[in-house]
Amino acid sequence: MKILVVGGGGREHAIIMKLAESKKVSKLYCAPGNGGISKYAECFPVKATDIDGMLELAKKLAVDIVFVAPDDPLVAGMVDAMQAAGFRTFGPNKAAAIIEGSKVFSKNLMQKYNIPTAKYAVFNEPQKVLEYISNENTYPTVIKADGLALGKGVVIAANFDEAKNAVSEIMESKIFGESGSQVVVEEFLTGPEVSVLCFTDGITVKPMISSMDHKRALDNDEGLNTGGMGTVAPNPYYTDEVAKECMETIFLPTIRAMQSEKRSFKGCLYFGLMLTPNGPKVIEYNCRFGDPETQVVLPLLNTDFVDIIEAIENESLSELDINWKNESAACVVMASGGYPKKYESGLVISGLDEMGQTENCFVYHAGTKINDNGEMVNAGGRVLGVTATAESLPKALAIAYDGVKSIRWKDVHYRHDIGNRALKAIKA
């Protein structure tokens with residue numbers, strides 16, 4: 001099979017490496033890809049959101065499967081366009097991708113079908129938002145832009161002034177464009193956070209190994225919110241008992257709700273969960289593999305990835321056993337100095353071999369390119385995800401951090417405490 005993966009980040013690199021293990025795959029393509037991905041798949045400079053351009057490329061390459069990985073093209077309907085042209089695809093269609101594309105839709109869905117989530121209210125006028133927050137007078141309070149915002153459309157306001165500033169930026173200054181035309185205001189939930197990616201064919205749900213993301217830029221969960229500075233898997237807070245409860249109260253009800261709404265979801269559905277004192281609740285849904293969760297989950301998958309993709313397409317997922325390694329995985333994200341704000345690009349990265357790798361780890365490239373001198377340089381905020389698997393989490397973390405220490409570029413930034421919360425939970 002020839003497979004085209006749409007996207008160009010660390011998640012796509014992890015997807016490509018897992019697909020490369022399949023005996024069914026003869027050729028891998030990626031668009032737009034990046035410097036590291038180009039060592040393993042043939043890359044083409046087509047933007048991930050360019051539906052017509054991607055369709056033309058798929059036809060030119062005569063691919064067997066198109067794997068649409070990022071949120072924007074899914075929400076825009078790339079899967080619909082590919083399927084209309086006769087291509088087998090992985091990813092939800094536009095009608096189903098709205099579960100991530102609109103926070104208002106997903107919150108209303110949960111309310112309608114009694115899926116546990118935070119108390120919320122929806123607004124399209126700044127003044128009404130502020131009146132509501134002022135009347136509620138409970139902080140912190142959570143303010144979310146309705147649409148896609150590169151994972152950055154959420155503000156946790158500690159007081160009224162912060163809330164006022166957030167509402168002004170999102171709804172009046174439109175820092176996230178039209179995504180901020182409506183906002184959701186939510187109660188602030190507490191408890192351990194868990195990410196669970198699930199394979200689903202619209203009927204059956206098969207959860208993957210749970211993971212724990214680290215969203216803040218600096219050690220001790222300080223600094224600005226980012227797309228994710230590292231991950232570990234499995235998440236020690238996600239016990240068998242919690243998993244059973246999530247399946248009964250969240251996973252299956254969500255899939256059935258989408259069916260009832262005539263928006264059957266096929267692909268990977270991501271559940272961002274908070275394990276509150278009152279049980280697990282949904283913080284958010286994503287209509288695709290999470291980044292950087294994919295970088296720790298897929299390395300632990302034993303089953304042929306193509307078999308899973310085909311079972312989802314044929315709606316025969318219930319007949320497939322999905323097997324996982326009994327190991328732990330850790331991913332430390334190496335970012336450009338200044339991320340998630342301003343940073344310098346084009347800086348030469350040292351410590352990588354000719355395949356963009358380092359010893360004992362796998363380096364998933366998120367924001368790299370190859371310059372005119374053939375050198376690997378940084379080309380984004382999150383640059384590399386240094387990942388290791390081992391029989392225990394402490395060992396996986398030690399190997400990953402050894403890998404991190406061998407890679408350098410000017411002003412490189414990474415957290416030194418990835419996995420610490422998980423290690424404390426394991427010891428407790």
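Model label sites at F44 and S406, defined 7 Å from Cα along the beta-carbon direction, differ in position by 3.5 nm. Within the assembled protein chains, the solvent-accessible surface assigned to S350 is about 60 Å², based on a 1.4 Å probe. Considering only M334, M212, M171, the mean-square fluctuation computed in a Gaussian network model of the chain, springs between alpha carbons under 10 angstrom, is largest for M171. Projecting the Cα atoms of Y238, V297, L4 onto the dipole axis of the chain, where Lys and Arg carry +1 and Asp and Glu carry -1 at the beta carbon, places L4 farthest toward the positive end. Structure remark: mean-square fluctuation, Gaussian network model of the chain, C-alpha springs under 10 Å; the largest value among K107, K174, K23 belongs to K23.
Magnitude of the Cβ-charge dipole of the chain, K/R +1 and D/E -1, about the Cα centre, nearest 20 debye?
Magnitude of the dipole: close to 120 debye.
Suppose only helical runs count, i.e. DSSP H with n ≥ 4. What mean residue ellipticity at 222 nm does that imply for the chain under -39500 (n - 2.57) per run, divided by all residues and rounded to the nearest 500 deg cm²/dmol?
Per the formula, -8000 deg cm²/dmol.
Remark on T89: its backbone amide H falls under 5 Å from those of V66, a criterion applied only to residues 5 or more positions apart or on other chains, H modelled at 1.01 Å from N. For the residue pairs K39/K342; K206/K424; K325/K395; K60/K94; K47/K266; K60/K369, the C-alpha atoms sit more than 21 angstrom apart in K39/K342; K206/K424; K60/K94; K47/K266; K60/K369. With a cap of 12 neighbouring Cβ atoms within 10 Å, and only residues DSSP puts in a loop, list the trypsin sites (Lys or Arg not before Pro) found in region 275-344. Loop-located and lightly packed - K341, K342. Where (1) 21.9; (2) 22.7; (3) 24.3 are the candidate values, the label of the one calculated here for Kirkwood radius over Cα pairs in Å is (1).
Since only L423, V383, G351 are under comparison, the one whose Cα sits farthest along the positive direction of the charge dipole of region 343-428, derived from C-beta charges on Lys, Arg, Asp and Glu, is L423.
Each Lys and Arg contributes +1 and each Asp and Glu -1, all at the Cβ; summed about the Cα centre of region 56-104, the dipole is approximately 100 debye. Each of L393, V183, N360 was scored by the projection of its Cα onto the charge dipole of the chain, and the greatest displacement toward the positive side belongs to N360; charges sit on the C-beta of Lys, Arg, Asp and Glu.
In order along region 182-187, the phi-based Karplus estimate (6.51 cos²θ - 1.76 cosθ + 1.60, θ = phi - 60°) of 3J(HN,Hα) comes to 10, 10, 10, 10, 10, 5 Hz; Gly and Pro are listed as x. Between D201, D146, D161, the GNM of the chain built on Cα springs shorter than 10 angstrom shows D161 fluctuating the most. The separation of region 2-38 from region 337-367, counted between C-alpha centres, amounts to 18 Å. 3J(HN,Hα) along region 377-389: 10, 6, 9, x, x, 8, 9, 9, x, 8, 10, 9, 10 Hz, from the Karplus curve 6.51 cos²θ - 1.76 cosθ + 1.60 with θ = phi - 60°, whole Hz, x for Gly and Pro. Under 15 Å Cα to Cα from K144, which aspartates and glutamates show up? Leave out anything in the same chain fewer than 8 places away. Within the straight-line limit of under 15 Å, K144 reaches these aspartates and glutamates: E100, E125, E162, E169, E172, E178, E186, E187, E284. Computed on protein heavy atoms with a 1.4 Å probe, the accessible areas place K2, K427 in the order K427, K2, largest first. Beta bridges per DSSP, both residues in region 314-428: antiparallel share near 100 percent. Of the GluC sites (Glu not before Pro) found in region 189-277, no site is in coil according to DSSP while having at most 15 other Cβ atoms within 10 Å of its Cβ.
Would you please name the chymotrypsin sites (Phe, Trp or Tyr not before Pro) within region 124-192 that are DSSP coil residues with at most 15 other C-beta atoms within 10 Å of their C-beta?
The qualifying sites are F188.
Charge dipole of region 318-361 (Cα centre as origin; +1 on each Lys and Arg Cβ, -1 on each Asp and Glu Cβ, all else neutral): 420 debye, rounded to the nearest 20. Residue by residue, region 205-211 carries 3J(HN,Hα) couplings of 10, 10, x, 8, 5, 6, 9 Hz when phi is fed to the Karplus relation 6.51 cos²θ - 1.76 cosθ + 1.60 (θ = phi - 60°); x denotes Gly or Pro.
The values are calculated or read from the model by the stated rules, or taken from the named source; none is laboratory data. In this text the structure is predicted, and so the values were computed from the model without any measurement. Positions of Cβ are backbone-derived with ideal geometry, glycine not excepted, and every protein chain shown enters the neighbour counts. Side chains included, ligands, DNA and RNA excluded: accessible areas come from the protein's heavy atoms. Shrake-Rupley method; radii C 1.70, N 1.55, O 1.52, S 1.80 Å.
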